[in-house]
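Undergrad: Got a structure here, written out as structure tokens. Questions coming.
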Amino acid sequence: MARIVMKFGGTSVADLDRIKNVARHVKREVDAGHEVAVVVSAMSGKTNELVGWVQNMPKVSGANHSIYDAREYDAVVASGEQVTSGLLAIALQAMGINARSWQGWQIPIRTDNAHGAARILDIDGEDMIRRMKEGQVAVVAGFQGLGPDNRVATLGRGGSDTSAVAIAAAVKADRCDIYTDVDGVYTTDPRIEPKARRLKKIAFEEMLEMASLGAKVLQVRSVELAMVFKVRTFVRSSFEDPDAPGMGDLLNPPGTLICDEEEIVEQEVVTGIAYAKDEAQISLRRLADRPGVSAAIFGPLAENHINVDMIVQNISEDGSKTDMTFTVPSGDVEKALRVLGENKEKIGYDVVQSESGLVKVSVIGIGMRSHAGVAATAFRALAEKGINIKAITTSEIKISILIDGPYAELAVRTLHSCYGLDKS
Ligand code: ADP
Ligand code: ASP
Ligand code: MG
């Protein structure tokens, strides 16, 4: 007997037939005698629709730009998960399973006050554990919790993954299964590269990089929580026959296990390739090359909640002027340019230039720590395809390269094959 948290993403609950299919997956685990809690996303496309509705409403004019009330955004977008949790509870009850739906506020899943991008602070798992022991299946609406203001707070896009891992940690589950529309974590997005291979295991650190560098198969925060609380997390498919052989395997279910690197016997140098679209580059030309100039640029950007990613500073020719280039999400360019404009005198630059629609491709692998030449291989492969590199950043286990948007897919496939990831 084990305690299992099962999470089903948007495509897995996209319509009533799929919800009934999800119920069969849950029934399999219940029939095997396990204690089960389920977390669901909204039907696929629903959250986008709800976000669109909010964005098309009239806004309040703020100090510098129009805004809407983030608490009301949350009130609207959290509703998608409420629907699927109720529908799945009904489907389970029809199969004779003792199931009950729960909204984030009913558990409660306590979050901070950052509406729209809230972080889970605390879940009291005792009541859930008691109900699970009594044989009740909780069907929890993902993506949401209760803020300190007693209002529903959502966890940022893809947040149901985080709900699931946080609940698994709170109820001390033996396993957290993330069911989605792919049967595991692949060497790269299988929608871009059909030759991508499914990984049997991937280390927490690598999955963290993959997710933060664009592989949206898991929300970044869910991987952080899995790593900190040592939650045994599997990514697996909801589209396989729920009763196929091996689907109920307790220790080795089909899919990809996210685990400690010690658990991975044959570590490759490169594990995967990720990409993030909609990056933008901003360059400040002829900046004064003096102490404090970086603080003058990035301080105000941070205060305005603009996420700066890659930063490149050129060496100045005469020691007095330099150029600084950095990237931000395309959606933040206008705001960033406004902030830089407002601080022009304090920073001291000549002109500012920007370019949107860029893509960041990244090579990830723990094996890089002990292998030289990984970056050179990437640069050579991209050069052979005529892909120009605009910026580079590296860490111990990743190399990120900024390129022009139209080359995204070619770059992903080129990097994927130059490390032999397409060969089993
Ligand atoms: P869900 O709705 O179940 O949460 P998501 O759409 O958020 O599903 O995540 C699953 C998708 O992630 C897949 O359909 C796939 O296109 C994409 N993806 C990106 N990178 C990877 C990867 N390395 N391995 C597997 N899937 C990936
Ligand atoms: N429904 C939310 C979203 O689309 C949360 C999730 O699916 O994880 O972002
Ligand atoms: Mg998702």
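Undergrad: For a Förster distance of 35 Å, can you work out the FRET efficiency between the beta-carbons of Q353 and M57, rounded to the nearest 0.05?
TA: Using R0 = 35 Å, I get an efficiency of 0.55.
Undergrad: Return one number: the angle in degrees, 0 to 90 and rounded to the nearest 10, between the long axis of the Cα atoms of helix 46-55 and the longest principal axis of the Cα atoms of the chain.
TA: 50 degrees
Undergrad: Give me the base-10 log of I(q)/I(0) for segment 31-130 at each q in 0.13, 0.17, 0.22 Å⁻¹, Debye formula, one uniform scatterer per Cα, rounded to two decimals.
TA: One equal scatterer on each Cα of segment 31-130 leads to -0.61, -0.92, -1.25.
Undergrad: Continuing with the same structure: Please state the relative contact order of the chain as a whole percent: Cα pairs under 8 Å, 6+ residues apart?
TA: It rounds to 14 percent for the chain.
Undergrad: Now for a different question. Cross-link partners among aspartates and glutamates for K172, C-alpha distance below 20 Å, same-chain residues fewer than 8 apart left out?
TA: Leaving aside aspartates and glutamates fewer than 8 places away in the same chain, those within reach of K172 are E29, E35, D122, D124, E126, D127, E134, D161, E224, D249, D260.
Undergrad: Based on the Cβ-Cβ distance of M95 and D249, what FRET efficiency does E = 1/(1 + (r/R0)^6) give at R0 = 22 Å, to the nearest 0.05?
TA: It comes to 0.50.
Undergrad: Here's a follow-up. Once the principal axes of the Cα atoms of segment 232-353 are found, what is the range along each, listed largest first in whole angstroms?
TA: Extents along the principal axes: 68, 30, 20 Å.
Undergrad: Under 28 Å Cα-Cα from K398, which lysines qualify once same-chain neighbours fewer than 8 residues away are excluded?
TA: Reachable lysines: K195, K200, K201, K216, K230, K277, K360, K385, K390, K423.
Undergrad: Normalise the Debye intensity by I(0) for the chain, one equal point scatterer per Cα, no solvent, then take log10 at q = 0.11, 0.13 Å⁻¹ and round to two decimals.
TA: Taking Cα atoms of the chain as identical point scatterers yields -0.91, -1.18.
Undergrad: Given the whole protein assembly as supplied and a 1.4 Å probe, what does the accessible area of R369 come to in Å², nearest 10?
TA: 110 Å²
Undergrad: How far is helix 408-418 tilted, in degrees, relative to the longest principal axis of the Cα atoms in the chain, given as a value from 0 to 90 rounded to the nearest 10?
TA: Rounded to the nearest ten degrees, it is 80.
Undergrad: Let me ask you something else. Which cross-chain or sequence-distant (5 or more) residues have an amide H under 5 Å from the amide H of D177, H modelled 1.01 Å from N in plane?
TA: When sequence neighbours closer than 5 places are left aside, the close amide H contacts are V5, M6, K7, F234.
Undergrad: Averaged per residue, what accessible surface does the chain expose to a 1.4 Å probe, in Å²?
TA: Each residue of the chain exposes 46 Å² on average to a 1.4 Å probe.
Undergrad: Additional query: Note the angle between two axes, namely the Cα long axis of helix 293-303 and the longest principal axis of the Cα atoms of the chain, as a number of degrees from 0 to 90, rounded to the nearest 10.
TA: Relative to the chain, helix 293-303 is tipped by roughly 30 degrees.
Undergrad: Once you have the Kirkwood Rh of segment 285-407 from its Cα pairs, apply Stokes-Einstein at 20 °C and 1.002 mPa s and quote D in µm²/s.
TA: 133 µm²/s
Undergrad: Find me the longest stretch of the chain that has none of the exposed chymotrypsin sites (Phe, Trp or Tyr not before Pro), where exposed means in a DSSP loop (not H, G, I, E or B) with at most 16 other Cβ atoms within 10 Å.
TA: Counting at most 16 other Cβ atoms within 10 Å as exposed, the longest clean stretch of the chain is 240-424.
Undergrad: To the nearest whole percent, what portion of all C-alpha pairs in segment 319-361 is separated by more than 13 angstrom?
TA: That tail contains 60 percent of the Cα-Cα pairs.
Undergrad: Express the carbon and sulfur contribution to the solvent-accessible surface of segment 1-44 as a percent, rounded to the nearest whole number, probe 1.4 angstrom.
TA: So the carbon and sulfur contribution to the accessible surface is 50 percent.
Undergrad: Now, a different point. Which percent of Cα pairs goes in each bin when the distances of segment 235-295 are cut into 5 angstrom slices starting at zero?
TA: Result returned by the calculation: 3, 10, 13, 11, 9, 11, 9, 7, 7, 7, 5, 5, 3, 1.
Undergrad: How much net charge surrounds E317 when only the other residues with a Cβ under 13 Å from the Cβ of E317 are counted, with Lys and Arg +1 and Asp and Glu -1?
TA: Result for the neighbourhood of E317: 0.
Undergrad: Still on this structure: Go through segment 162-212 and name the trypsin sites (Lys or Arg not before Pro) that are in a DSSP coil and have 11 or fewer other Cβ atoms within 10 Å of their Cβ.
TA: Answer by residue number: K172, R191.
Undergrad: I've got another one for you. Can you give the Rg to Rh ratio for segment 189-271, taking only C-alpha atoms and Rh from Kirkwood?
TA: 0.96
Undergrad: Compute for segment 102-190: radius of gyration divided by Kirkwood radius, i.e. Rg/Rh, restricted to C-alpha atoms, rounded to two decimals.
TA: Ratio of gyration radius to Kirkwood radius for segment 102-190: 1.01.
Undergrad: With +1 on the Cβ of every Lys and Arg and -1 on the Cβ of every Asp and Glu, and nothing else charged, how large is the dipole of segment 271-346 about its Cα centre, in debye rounded to the nearest 20?
TA: Computed about the Cα centre, the dipole is about 140 debye.
Undergrad: Carbon and sulfur together cover what percent of the accessible area of segment 71-203 at a 1.4 Å probe radius?
TA: Looking at segment 71-203 in its full context, I get 48 percent from C and S.
Undergrad: Restricting to Cα atoms and excluding each atom paired with itself, what does the Kirkwood estimate give for segment 291-344 in Å?
TA: By the Kirkwood definition, the hydrodynamic radius is 11.9 Å.
Undergrad: Just to be sure I follow the definition: excluding the sites themselves, where is the longest run in the chain that has none of the GluC sites (Glu not before Pro) in a DSSP loop with at most 14 other Cβ atoms within 10 Å?
TA: Counting at most 14 other Cβ atoms within 10 Å as exposed, the longest clean stretch of the chain is 1-133.
The values are calculated or read from the model by the stated rules, or taken from the named source; none is laboratory data. As the structure is a computational prediction, the values presented were derived from the model and not from experiment. Note: ideal-geometry Cβ built from the backbone for every residue, glycine included; neighbour counts use all protein chains shown. Protein only, heavy atoms only, side chains kept; ligands, DNA and RNA dropped before computing areas. Shrake-Rupley method; radii C 1.70, N 1.55, O 1.52, S 1.80 Å.
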